[in-house]
Every structure is written in C-alpha cells, then in structure tokens.
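Okay, so here's the structure we're looking at.
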Amino acid sequence: MGFLFMLNKFIFYSLCSLIIWLPIPLGSNRPWAWAISELIVFALFFLHCIFNIYKNNGFFPPLRTWPIFTLIGTLLLTLLIQIIFSYSTDPIQTKIVLLKTASFFMFAWLICVYTIDKKRITTIIYALIIAGLFQAIYATFLNLSPPSYTPIFGFQYSQRANGSFVYHNHLANYLAIILSIGIGFIISELDIKKNSNSKLTHYFRGFIKALLSKKLVIRLCLIIIVVALLLTRSRMGNIAFLVSLASVSLFALKFYKSKPWSLKYLIISFFVLDTIIVGSLFGADKLQERLAETSFIEETRDEVIQDSIPLVKQYYLSGSGGGSYYGLFPTKQSIPYSGFYDHAHNEYVQFAIEFGVLSCFLSFFSLLYILYICFKNMTQQTSPLYQGVSFGVATAITFMILHIIVDFPLQATANAMTFIVIICLGLLSSKKRLAKN
C-alpha cells in the first residue's frame, strides 16, 4: 500500500510539474519541445498502467469527464482514419499531429484520474498560477529592459511581451486562461455571508486577516499577470478576455447560487484596478494606439481566411489531414502577402480544413456542452470551490471561443495542454461531492 500511495503522489506531482514546465521551452511550440512533453506523458501513462496492475480499480477517469474525451477523441479518430485510408495530403505531418493528439488524450486521462479531491484541484490551480506568474514576471522584465536578446534561446526581443513564447499572441492567450481560473479561485475563497458586526475593530481585524490570507497573495499574482497581458499589446487577447470576464460575471451576478456578498466588488475591482489604474501605468495607451491604428486595408489575416474558404469546400468531408494547412494554403493564395502563413489565424477555418466540417462541429459542440456544464454548476448550491472553478473555466472557454476567431493559440502545445487542464477542472467540479481523501 505504501508503494501504491507513493506512486500515486509521484504521478500527480509530476503532472503539476509538467504544467509549470510546458510554456518554458518556447511554449512547447518546437518539435523537440513538444517531444519532451509527449515523452513525459507517455511515461506517466505507462506508470499509470503499472499502478493499476496492483490496484484493480481506478484505471478509468470519472464518468462525468466524458465530454473532454469526446472532444479530443473525435480529433484522434479522424486522424487515424486519415492515415489508414490515405486521406491526408501530408501523411508525415498528420502522423506528427496524431502523436501529439494521443498525448493530449492521455494527459487529460491522467489529470481526470489523479485529481481525486478538493485538495488536488487546489494544487493544480496553484501550479497553473505559478506557471502564469513566472511567464508574467519574465515577460515584464524583458519588456521593460533595453532591447536585447532573450537570455536562453537568443531571440531578438520585440516591444511586445513574449515571455518564453515565440509569438506574443500565444503568451496573451496563455495568460488570459490562467487569469480566468485564478479569478474563479479567488471567488471560491470569498465569504458567502456578510458579518453583521459593524464595529470598527471588526473591520480592522478583517483587514489584517485579509492582508495575511492567501487571497491577497493570489490577487497580487493576478495583477502581475494582468500587467504582462497588457504588455503583449494583443488586441483580441485583451478584448476577448474583458468581454468573456464581463459576460460570465453578469451571469454569475444574476444566477450564482449562494453568491459571496463581495462578489460584485471583486469583479468591479478587476475592471477598475487592473485594466484602468494598472493599465495606465504599464502601457494600456499603447494598446489603445494599436486598436485605433487597426486597418482592414493593412491587415492580411482576413484575406488569408477568405483565401482558405475554398479549401474548406474542397475537404469538408474527410479533411485534408492534420498539419497539412501550411502546404495547401499556397495553392489557393490569391496574392503575395507580407509574410508566410503556416496557420489560418482562425482555428475554426483551419480545423475545418484539416479535420473536416463534421469532426470540427462535434468537437466544438463538446466544448459548448462543457461550457453549459460550467454555467449549470454556478447555478447549483454546491461547494464554493466547485462554483468558483466553474466560473473560471467558463471564462476561459468563452475567451478561447472568441480569441481563436483571429488567431491560432491551440497550435501551441503549452496553450492546448493548459486549456485541457482547465477544462478537466470544470468537469471534475461538476460533482456535488468529491472524496475527502
């Protein structure tokens, strides 16, 4: 029993370490970087299989987590069909995507199996916040330093914060989903009932208690992450985050059962303190300039999407094969662009081309169903932790649905796997009671 207990803890904390590691090697968006994450996941899944030789139950994830496996499994099955029946226009790239998607499936499996109680859900959230905080501090430090090269990989650092990512919009997406779950976690820590004691000593005691509590520490971490998000100068990243947070907040203020008395004040503080006061100190004006200077005449992303539509019509049934977009697009490109587009800058279009419209629809429907579950969790009188996590997951999903209209964050392994973790937390929080141990 001691060996099984230690193996269980080892697998779980290895998953937490992997979550922190994922964005560090260029957002795991290079073959050698995502190969490392794949090897770790495959090794941990192998240990999981060994673990269940000695333990006859606990191999399968909880039944309530099936939507995430429907989402990833649909894509995985499509890739297998494309390879077996030679539907792919680029078999080598499709096999690479198949291997990556298989690791995603196993990763979600492990997260759902080993996150067995509230304590472990909280530990996963801490790992996500630590990972986001590290990226925020690193990105802010490089951005506020004189123009130079990154210390490890020697990339020329631009005026927009990249952190350890290559592309600033990938960092913006990563920080936004971390912020979402972080805000949800803070909400779960709020007191539900307001104390009737109105004496000055009570408020002073409450203020000191707040200063010494973990809520303040997490709140400060989120402020630092907001600073880094602003420094990315990502237009859609910032707008999508504010829109998703506002939308889910309005829903929570109306339908949240047993909502904390200070919920509305916390939400207001995020908009006033973070976006206005902190933003004015750390370059929100430059983001506003980018928004004001946005021109559809100069932007080519809309033309890339327009030129990609014929590929959707051509491969709507079986898909062109995972990872094949970069090779197909030049055949449909109407005019030369300023740069080489290896992605469509619209995940809906690229997924429809590579996986087919049906697979794309089934995956998107699964994501919408998970979003529905999160909204449903917020309206039920369950544990404050589950409600807060559901708030954060709903915000992250809404943000992702908006952001992928104009970008390709899910092509970065760090973003995709972190998003999978957050979705799993939402599904794991859909049960009214989890085991105490």
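The values are calculated or read from the model by the stated rules, or taken from the named source; none is laboratory data. These figures come from a predicted structure and were not determined experimentally. Positions of Cβ are backbone-derived with ideal geometry, glycine not excepted, and every protein chain shown enters the neighbour counts. Ligands, DNA and RNA are stripped out before the accessible areas are found, and what is left, the full protein with its side chains, is counted by its heavy atoms. Shrake-Rupley method; radii C 1.70, N 1.55, O 1.52, S 1.80 Å.
General remarks:
- Accessible surface of region 52-125, 1.4 Å probe: 69 percent of it comes from carbon and sulfur atoms.
- Accessible area per residue, Å², region 1-150 with all protein chains present, probe 1.4 Å: 48
- Coupling constants for region 102-111 follow from the phi torsions by the Karplus curve (6.51 cos²θ - 1.76 cosθ + 1.60, θ = phi - 60°), and in residue order they are 4, 5, 4, 4, 5, 4, 4, 4, 5, 4 Hz; glycine and proline get x.
- In the assembled protein chains, CYS424 presents an accessible area of approximately 0 Å² (probe radius 1.4 Å).
- Spin-label pair PHE365-CYS49: with each label point 7 Å from Cα along the Cα-Cβ axis, the two points sit 3.2 nm from one another.
- The label point for LEU317 and the one for ASP342, both projected 7 Å from the Cα toward the Cβ, are 3.2 nm apart.
- Local electrostatic count at TYR126 - Lys and Arg +1, Asp and Glu -1, tallied over other residues with Cβ under 11 Å: +3
- Within-13-Å neighbourhood charge of ILE309 [Cβ basis; K, R +1; D, E -1]: -1
- With a cut-off of 14 Å between beta carbons, the residues surrounding GLY327 carry a summed charge of -2, where Lys and Arg count +1 and Asp and Glu -1.
- Built amide H within the under 5 Å cut-off of ASP117, gap 5+: none
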